[in-house]
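First up is the structure itself, then whatever we jot down about it.
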Ligand code: 13P
Ligand code: SF4
């Protein structure tokens, strides 16, 4: 159990930053509550193969909270939200980094570690938010709202970040908005995150109307039913619609949700975010009852242990960014990390 906890609280392991293979028994013990035995048995040879490949390639695996427990507990050296992943990358020593997450996350790692080999096990792992905005949209917003600072959510391609003043994640969006000392801001692309920041700060926020196809499916009526009829504590991601956020007990990034559950340990919880988040918390806290519904992100689920083994074997699916573009896109991320 201690080994898994280490992965989830996002502390890199020394000896490079690699977390040792938890061992067959360790894996069965920790995953018993959330993964069927047959599935663990089936995955074990691949998990062992990835451990060998990580050692021979001097590689680390960084995973988002939406990856399945076989990845977060079985092969990841670091697990966290988008902000924690970027912070990990900014101080990572390993020459090869495999990102178990979506394309924009791998791009952020490459921007922060330009000299390292950054691998994404499936290059088709995109994001509906990232696809909702293009660089020319930012330029048009700047023309319509001159002298208004632009905050770009990290869920965007590098070319969009390059047009921005500063980046944010769902964990620090309010702090980033306040740091700019402006009355009016442009925050793209997610409308629900932007409106959450506007409500939290009282600032005027212009957004581009994007939505996450996973979180936009939740509705406020679901929250009321689960909260009142089942006595569940409701935690919602800020990408959820406004009526969901207003009825929830807590709104925060996946990292903030994790911290809330770690410290408060509610008995029964409705977690309005991607399904694997609850499974990952269950690994450490089988005593917390997670109610359904939850929604799956098909992009996150495009990452598999087999894919990780393949990219480590062939050092393929490398993330490459034009150096001139990278220099422009790196600035807003570094500005965010400096806050
Ligand atoms: P976090 O910022 O909480 O990691 O979430 C990223 C994401 O993709 C949410 O859908
Ligand atoms: Fe993108 Fe939504 Fe999937 Fe997060 S959950 S990666 S925002 S599509």
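Details
- Residues of region 312-326 that are in a helix (DSSP H, G or I) and in contact with a helix residue (DSSP H, G or I) (Cβ under 9 Å, 6 or more places away or on another chain): 312, 313, 325, 326.
- If you go through region 272-314 and keep only what is away from ligand 1 (no atom under 14 Å from the Cβ) and over 27 Å from residue 45 (Cα atoms), you end up with 287, 288, 289, 290, 291, 292, 293.
- Screening 88, 28 for residues that are more than 16 Å from ligand 1 (Cβ to nearest atom) and either more than 14 Å from the chain's Cα centre (by Cα) or modelled with pLDDT under 95 (or both) leaves exactly one candidate, 28.
- When residues of region 80-102 are limited to those that are part of a strand (DSSP E or B) and more than 15 Å from ligand 2 (Cβ to nearest atom), the one nearest to residue 47 (Cα to Cα): 98
- Search result, residues across region 294-309 that are surrounded by fewer than 19 Cβ atoms within 10 Å (Cβ to Cβ), assigned to a helix (DSSP H, G or I) and within 16 Å of ligand 2 (Cβ to nearest atom): 301, 302
- Residue within region 48-62 that is buried (at least 23 other Cβ atoms within 10 Å of the Cβ), within 16 Å of ligand 1 (Cβ to nearest atom) and at pLDDT 95 or above present: yes
- In region 103-137, the residues that are part of a loop (DSSP other than H, G, I, E, B), in contact (Cβ under 8 Å) with a residue 24 or more places away in the chain and either over 17 Å from residue 332 (Cβ atoms) or within 14 Å of ligand 1 (Cβ to nearest atom) (or both): 116, 120, 121, 122, 123, 124, 125, 126, 127, 128, 129
- Restricting 38, 33 to residues that are without any contact (Cβ under 8 Å) to a residue 12 or more places away in the chain and farther than 20 Å from residue 117 by Cβ narrows the list to 38.
- Qualifying positions in region 285-306 - within 19 Å of residue 232 (Cα to Cα) and touching a residue at least 60 places away in the same chain (Cβ under 8 Å): 286, 291, 293, 295
- Residue 115 passes every criterion in (1) surrounded by fewer than 18 Cβ atoms within 10 Å (Cβ to Cβ); (2) closer than 30 Å to residue 315 by Cα; (3) touching a helix residue (DSSP H, G or I) at 6+ places or on another chain (Cβ under 7 Å) apart from (3).
- Single condition residue 269 does not satisfy, out of (1) away from ligand 1 (no atom under 16 Å from the Cβ); (2) without any contact (Cβ under 8 Å) to a residue 60 or more places away in the chain; (3) within 30 Å of residue 137 (Cβ to Cβ): (3)
- Residue 76 falls short on exactly one of the conditions (1) part of a loop (DSSP other than H, G, I, E, B); (2) over 20 Å from the mean Cα position of the chain (by Cα), and that condition is (2).
- Among the residues here, residue 183 qualifies as over 18 Å from residue 66 (Cα atoms) and more than 23 Å from the chain's Cα centre (by Cα).
Yes/no per residue for (1) within 22 Å of the chain's Cα centre (by Cα); (2) surrounded by 14 or more Cβ atoms within 10 Å (Cβ to Cβ):
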{"residue": "231", "(1), (2)": "no, no"}
{"residue": "237", "(1), (2)": "yes, yes"}
{"residue": "243", "(1), (2)": "no, yes"}
{"residue": "257", "(1), (2)": "yes, yes"}
{"residue": "270", "(1), (2)": "yes, yes"}
{"residue": "285", "(1), (2)": "yes, yes"}
{"residue": "292", "(1), (2)": "yes, no"}
{"residue": "312", "(1), (2)": "yes, yes"}
{"residue": "319", "(1), (2)": "yes, yes"}
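- Qualifying positions in region 139-153 - in contact with a helix residue (DSSP H, G or I) (Cβ under 8 Å, 6 or more places away or on another chain) and surrounded by fewer than 24 Cβ atoms within 10 Å (Cβ to Cβ): 148, 150
The values are calculated or read from the model by the stated rules, or taken from the named source; none is laboratory data. Note that the coordinates shown come from a computational prediction; the quantities given were computed from them, not determined experimentally. Every residue, glycine among them, receives a Cβ derived from its backbone with ideal geometry; neighbour counts consider all protein chains shown.
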